[in-house]
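Encoded as structure tokens, the structure appears first; notes follow it.
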Amino acid sequence: MRAIKTKLAPQAIGPYSQAIIAGDFIFCSGQISIDPKTGEIIKGGIEKQTERVIKNLKAILQEAGFALENVVKTEVYLANMEDFSIMNDVYGKYFIFQAHPARATVEVSRLPKNALIEITCIAHKE
């Protein structure tokens, strides 16, 4: 196993890694819409927050030599399921591949720093 760390995504603020590579897989910790340059949640609602989260995941994947195309599973946590359609539209702009990742989406009562969305992913590369 190998831990992944990049300054292009928010730094871990607890006893966890941004991601772990195990064999041909990478397991990315949940990302919220923190701008890695400022350390703050970005403003702009669910659309902007979803974009930032996916950019954070993409940076972690790239640091490890993976890409969004390698993602096989995502888990999406929404503070409000009413945001699903907007999130889904933004998500669809990034995951445009023929084989879309498997996905679970759930509403949660609260996310860290009162974020509107958190996404985690698993990617595989042969």
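Coordinate-derived values only; no laboratory data. On a predicted model such as this, the values are computed, not experimentally measured, just so you know. Glycine also receives a Cβ, built like all others from the backbone with ideal geometry; neighbour counts cover every protein chain displayed.
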| field | Sequence-separation-based contact order of the chain, relative, with Cα cut under 8 Å and 6+ spacing, percent | value | 32 percent
| said: Taking the beta-carbon count within 10 Å as an exposure proxy, list VAL76, VAL53, VAL106 from fewest neighbours to most. | reply: VAL106, VAL76, VAL53
| said: Can you pull out the chymotrypsin sites (Phe, Trp or Tyr not before Pro) in the stretch 6-60 whose DSSP state is coil and whose Cβ has at most 15 other Cβ atoms within 10 Å? | reply: TYR16
| note | For the chain (alpha-carbon point model, no solvent) the Debye-based log₁₀ I(q)/I(0) at q = 0.13, 0.16, 0.21 Å⁻¹ works out to -0.47, -0.72, -1.26
| request: Note the direction-averaged projected area, equal to a quarter of the hull surface, for the Cα convex hull of the stretch 69-114, in nm². | output: 3.6 nm²
| field | For the chain, built as a Gaussian network whose Cα springs stay under 10 Å, the top-fluctuating residue of PRO15, PRO101, PRO112 | value | PRO15
| request: For each of LEU57, LEU68, count neighbouring Cβ atoms within 10 Å of the residue's Cβ, then give the residues from fewest to most. | output: LEU68, LEU57
| message | If exposed means no more than 16 neighbouring beta carbons inside 10 Å and the site is in a DSSP loop, what's the longest run of the chain without any exposed trypsin sites (Lys or Arg not before Pro)? | response | 44-109
| Cross-link table LYS37/LYS125; LYS37/LYS113; LYS37/LYS93; LYS55/LYS93; LYS5/LYS113, entries beyond 19 Å C-alpha to C-alpha | LYS37/LYS125; LYS37/LYS93; LYS5/LYS113
| message | Run through the stretch 1-59 and list the GluC sites (Glu not before Pro) located in a DSSP loop whose Cβ has at most 14 other Cβ atoms within 10 Å. | response | GLU40
